[in-house]
Amino acid sequence: MQSLGTGTNRMTDFAAARQAMVDRQVRTSDVTRYAIIEAMLWAPRERFVPKDRRIVAYAGAEVALAPGRALLEPRTLAKMLEVAHIGSDDLVLDLAPGSGYSTALIARMAEAVIAIEPDAELATWAQTVLAEVEIDNAVVTAGNPAAGDAAHGPFDVIFINGMVDQVPEALTAQLKEGGRLVALFRNGVVGQCCVLTRVGASVSRRFVFDANGPVLAAFEKAAEFAF
């Protein structure tokens with residue numbers, strides 16, 4: 001495998017790879033919202049993956065971060081953001097963001113982002129890289145993503161970066177009226193992106209497309225889960 005080079009050449013190669021990712025994986029997948037395109041063209045995805053995997057940062061596949069954890073493939077992540085309908089005034093809860101790539105993208109689209117990452121080392125990495133790329137409207141803390149962050153809610157959008165079996169009722173309760181929760185729901189070996197929307201005291205569910213992702217242990221099925 002050839003090196004990407006050093007210095008300016010390497011930066012240029014990553015910029016070209018970023019453009020190709022958007023042109024070939026994102027735009028061709030019916031992702032049309034300008035805010036998503038702009039964010040993905042801006043965000044240096046290579047900074048959010050381990051150094052030995054940077055050469056594949058923009059490939060159309062998940063990128064492993066730690067045992068059982070990975071960045072979602074660009075196409076899936078972009079399509080999930082599309083159906084989340086994140087607005088510039090929105091407060092977003094980003095759950096299990098890994099190294100913080102999704103947090104960076106969402107921060108470019110929303111007013112503020114609170115992220116909760118179950119792996120303390122990944123949380124520290126995410127917060128460090130976000131500071132390096134000058135994101136000042138997002139914070140990443142280590143904690144249980146299934147618990148959410150009721151103290152700072154309610155939220156316009158709750159975004160879950162991976163496959164879930166169930167979503168706790170305590171988490172959907174943190175949505176504002178009309179708020180959306182977006183996640184990949186596991187159905188056997190198949191995953192489906194689903195949008196849960198709060199309408200009054202109830203929560204509606206809409207399946208929008210098939211996709212797979214890393215299974216998140218915090219959201220594996222348990223008796224106390226309502227969805």
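Which ³J(HN,Hα) values, rounded to whole Hz and listed in residue order, are derived for segment 50-62 from phi using the Karplus coefficients 6.51, -1.76 and 1.60 in 6.51 cos²θ - 1.76 cosθ + 1.60 with θ = phi - 60°, glycine and proline given as x?
Those phi angles translate into x, 4, 6, 10, 4, 5, 10, 4, 9, 6, x, 7, 5 Hz.
Please tell me the relative contact order of segment 80-227 in percent, rounded to the nearest whole number, where contacts are Cα pairs under 8 Å and at least six residues apart.
21 percent
Skipping prolines and chain starts, which residues have an amide H placed within reach, meaning under 5 Å, of the one on K176, given they are 5 or more residues away or on another chain?
It is F155, D156, by chain and number.
Roughly speaking, to the nearest percent, how much of segment 69-112's 1.4 Å accessible area is carbon and sulfur?
40 percent
Pop out the ³J(HN,Hα) list for segment 18-23 in order, Karplus 6.51 cos²θ - 1.76 cosθ + 1.60 with θ = phi - 60°, rounded to Hz; leave Gly and Pro as x.
5, 5, 5, 4, 5, 5
Which of the listed residues, S204, A123, N137, is farthest toward the dipole's positive end in the chain, when Lys, Arg count +1 and Asp, Glu count -1 at the beta-carbon?
So the residue we want is S204.
One quarter of the convex hull surface, Cα atoms only: what value does that give for the chain in nm²?
For the chain, the mean projected area of the Cα convex hull comes to 12.1 nm².
Compute the helix-to-body angle for 74-84: its Cα long axis versus the longest principal axis of the chain, expressed 0 to 90° and rounded to tens.
Approximately 40 degrees, to the nearest 10.
Quickly rank 157-164, 43-50, 14-21 as a protection proxy: mean count of other C-beta atoms within 10 Å, highest first.
157-164, 43-50, 14-21
So what is the accessible area of the chain per residue, in Å², with the probe set to 1.4 Å?
On a per-residue basis, 45 Å².
Is any residue of segment 142-160 close enough, with backbone N under 18 Å, to a label point placed 7 angstrom from the Cα of H85 along the Cα-Cβ axis, and if so, which?
The answer is 155-160.
Show which lysines lie in cross-link reach of K221 when reach means a straight Cα distance below 27 angstrom and same-chain residues fewer than eight apart are skipped.
K79, K176
To the nearest 0.05, what FRET efficiency results for T124 and D23 with a Förster distance of 45 Å applied to their C-beta separation?
Calculated value: 0.85.
Ranked highest first by average number of other Cβ atoms within 10 Å, how do 99-105, 111-117 line up?
Ranked from most to least packed, the peptides come out as 99-105, 111-117.
Would you mind getting me the FRET efficiency between V199 and D13? Use the beta-carbon distance for r and R0 = 45 Å, nearest 0.05.
0.45
Can you work out the Karplus-derived ³J(HN,Hα) for every residue in segment 109-124? Use 6.51 cos²θ - 1.76 cosθ + 1.60 with θ = phi - 60°, whole Hz, and x for glycine or proline.
Working through the residues one at a time gives 9, 10, 6, 7, 10, 10, 10, 10, 10, x, 8, 4, 5, 5, 4, 5 Hz.
If you average the alpha carbon positions of segment 13-75 and of segment 177-219, how far apart do those two centres end up, in angstrom?
22 Å
Can you classify segment 5-126 as rounded, prolate or oblate using the Cα gyration tensor, where a ≥ b ≥ c are the square roots of its eigenvalues, rounded means a/c under 1.5, and otherwise it's prolate if a/b beats b/c and oblate if not?
oblate
Order 136-147, 25-36 from most to least packed using the mean count of other Cβ atoms within 10 Å.
136-147, 25-36
The values are calculated or read from the model by the stated rules, or taken from the named source; none is laboratory data. No experiment lies behind these values; they were computed from the predicted model shown. Cβ atoms come from the backbone with ideal geometry, glycine included; neighbour counts cover every protein chain shown. When the accessible area is computed, the model is the full protein with side chains, heavy atoms only, and any ligands, DNA or RNA have been set aside. Shrake-Rupley method; radii C 1.70, N 1.55, O 1.52, S 1.80 Å.
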